[in-house]
Amino acid sequence: MKADNDLYRTLRDKACAILWKEDVAAFDRAVEPERSRLVAVIRAVGVAFADRGTLAEKAQAVTWLNSLLKDPSEKVRRYAMAALPKLGDDTQAEAKLLDILAAPAGERERQKVVEALEKIGGEATLEAALKDPSTVSVAPDRVAARIARLTEPGEISLDRVLARPSGVRIHLHCRKGLERILADEARALVKEIFEVKSVMSGLVVLEPLKPFSLGDVYQLRCFAQVGFVLGDVRAQSPEEAINPIALRIASNRTRDLLAAFTDGAFRYRIEMDPALGDAELVRKIGAEVHRFDPKILNDPRESPWSVDVFAAPGGASVELRPRLSPDPRLGYRLGEVAAGSHPPLAAAMARLAGSYVGEVAWDPFCGSGIELIERAMLGGASRVIGTDLSAEAVEIARKNFEAAAV
Ligand SMILES: C[S@@+](CC[C@H](N)C(=O)[O-])C[C@H]1O[C@@H](n2cnc3c(N)ncnc32)[C@H](O)[C@@H]1O
């Protein structure tokens with residue numbers, strides 16, 4: 001293993017053409033036991049070609065790796081299985097991997113095939129996993145999520161409206177100390193839509209008074225993150241928490257929120273408090289959710305939603321959070337300076353400073369201009385002026401102002 005790693009390190013940074021001409025050729029010429037000693041070449045091809053190969057080189061590598069799936073050496077096959085997913089989708093490989101899974105050489109090979117199929121499997125894998133889960137023990141939720149990511153990834157809409165908001169609770173998370181400013185902002189800007197129910201450390205709780213969109217929530221500028229409450233669970237151990245957390249995620253509440261605010265598939269990732277559980281727990285919860293509702297898909301990659309599981313007294317609390325990146329409130333932020341302000345803090349400072357109609361606001365250390373832009377957005381100022389020792393900062397601020405169009 002150490003020898004494999006050492007060889008891999010000497011190969012991974014080589015140019016693809018050289019790797020191909022020298023090392024792949026040497027591997028192909030070698031016979032056992034030399035061949036098994038050179039498996040690091042396979043790993044290096046997966047990494048180097050995925051990273052820097054041209055389209056033609058990638059195709060060449062995929063064909064070679066596919067041929068290795070039929071190699072008599074179990075070790076060579078395992079290395080090929082690990083390398084193939086790095087180079088993307090491959091229906092040829094999927095069919096071969098499913099064949100190997102029907103009669104693997106041993107537990108280690110079986111495990112590697114499952115891992116590879118969870119990364120590149122498509123409809124054929126999903127069908128096999130649902131038909132014969134004891135042989136094809138690939139997590140169907142992972143494969144279904146992957147298929148959805150490729151075919152209808154789903155994105156969050158700021159404009160779509162949740163028509164039946166009764167019972168929904170919204171948690172606006174903010175930096176400690178900003179709660180009152182945030183609550184005042186909500187009372188000032190969206191009091192027709194949301195009621196401020198409570199103000200706690202780092203948290204303002206809202207309840208909708210009528211149908212609303214995420215765009216309504218994102219009118220507020222002083223919060224850092226927004227979450228919809230899915231509920232608390234009581235559990236003595238991580239294992240005990242799986243079922244109740246999965247039930248919260250597969251609930252009518254979650255489905256209503258996802259259906260209202262998502263265009264496309266319902267994909268989420270689980271952000272688990274490390275004090276509560278690890279990746280294995282996350283996997284088990286995702287599988288359980290999929291069993292309850294196959295449309296709600298746990299996908300750690302590029303998911304539009306996250307389900308955040310926080311430690312709470314006696315168990316955990318669960319929230320559904322839109323993962324909007326970039327933050328729709330910060331479209332103007334074309335440039336930043338070192339030690340720039342946290343944007344919700346800048347918005348809170350602009351509110352805290354108060355405002356007089358017709359006033360002139362001056363920031364003598366304006367940096368990227370964010371506080372002044374937030375001040376201008378509040379309205380009423382006759383002029384805002386930014387100065388800074390750094391000409392570069394002034395230029396960044398100028399561009400940000402132009403983009404903000406305030
Ligand atoms: C912490 S940054 C401001 C960041 C700003 N709030 C933002 O988020 O972009 C401080 C800024 O003060 C400027 N600065 C430092 N000393 C200064 C001085 N004596 N006169 C004017 N500007 C100064 C720096 O160039 C820097 O852009």
Seminar exercise, completed: Rh_Kirkwood(the range 331-404) over Cα pairs, Å, one decimal, evaluates to 12.1 Å
Problem set entry | Kirkwood-based shape ratio for the range 367-406, expressed as Rg/Rh from alpha carbons | 0.95
Exercise. Extent of the chain along each principal axis, from alpha carbon coordinates, in Å, largest to smallest?
Worked result: 83, 53, 34
Seminar exercise, completed: For the range 209-249, the Cα gyration tensor yields equivalent-ellipsoid semi-axes (√(5λ), largest first, whole Å) of 31, 12, 7
Problem set entry | lysines with Cα under 19 Å of Lys176, excluding same-chain neighbours fewer than 8 positions away | Lys197
Problem set entry | Surrounding net charge for Ser325, when Lys and Arg each add one and Asp and Glu each subtract one, Cβ distance under 13 Å | +2
Seminar exercise, completed: Note to self, the chain gives a 222 nm [θ] from helices alone (DSSP H runs n ≥ 4, -39500 (n - 2.57) apiece, / all residues, nearest 500) of -13500 deg cm²/dmol
Exercise. How much net charge surrounds Cys16 when only other residues with a Cβ under 15 Å from its Cβ are counted (Lys, Arg +1; Asp, Glu -1)?
Worked result: +2
Exercise. So what's the projected area for the range 2-138, the Cα convex hull averaged over all directions, in nm²?
Worked result: 7.8 nm²
Exercise. So what's the gap between the Cα centers of the range 249-275 and the range 329-406, to the nearest angstrom?
Worked result: 35 Å
Exercise. So what's the range 112-219 giving for Cα Rg divided by 2.2 N^0.38 Å, two decimals?
Worked result: 1.64
Seminar exercise, completed: For the table Lys2/Lys131; Lys112/Lys295; Lys58/Lys112; Lys14/Lys399; Lys70/Lys295, the rows whose alpha-carbon distance is greater than 31 Å are Lys2/Lys131; Lys14/Lys399; Lys70/Lys295
Problem set entry | Using alpha-carbon coordinates, inclination of helix 40-52 to the longest axis of the chain, degrees | 40 degrees
Exercise. Just how large is the dipole of the chain about the Cα centre, in debye to the nearest 20, putting +1 at every Lys and Arg Cβ and -1 at every Asp and Glu Cβ?
Worked result: 180 debye
For this session: For the range 281-305 and the range 162-208, write down the distance between their C-alpha centroids in whole Å.
Result: 28 Å
Exercise. Taking all protein chains as present, what is the carbon and sulfur share of the accessible area of the chain, in % to the nearest whole number, probe 1.4 Å?
Worked result: 54 percent
Seminar exercise, completed: Among Leu19, Val199, Val307, the residue whose Cα sits farthest towards the positive end of the charge dipole of the chain, when +1 is placed on the Cβ of each Lys and Arg and -1 on the Cβ of each Asp and Glu, is Val307
Exercise. Mind checking the angle between helix 107-120 and the chain's longest principal axis? C-alpha axes, 0 to 90 degrees, to the nearest 10.
Worked result: 50 degrees
For this session: Using a 1.4 angstrom probe, figure out how much accessible area the chain has per residue, in square angstrom, rounded to the nearest whole.
Result: 49 Å²
For this session: Of the DSSP beta bridges with both residues in the chain, give the percent that are antiparallel, rounding to the nearest 5.
Result: 75 percent
For this session: Rounded to the nearest 10 degrees, what's the angle between the helix 179-189 long axis and the longest principal axis of the chain, both from Cα atoms, 0 to 90?
Result: 70 degrees
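The values are calculated or read from the model by the stated rules, or taken from the named source; none is laboratory data. What you see is a predicted model, and the numbers here were worked out from it, not measured in a lab. Glycine also receives a Cβ, built like all others from the backbone with ideal geometry; neighbour counts cover every protein chain displayed. When the accessible area is computed, the model is the full protein with side chains, heavy atoms only, and any ligands, DNA or RNA have been set aside. Shrake-Rupley method; radii C 1.70, N 1.55, O 1.52, S 1.80 Å.
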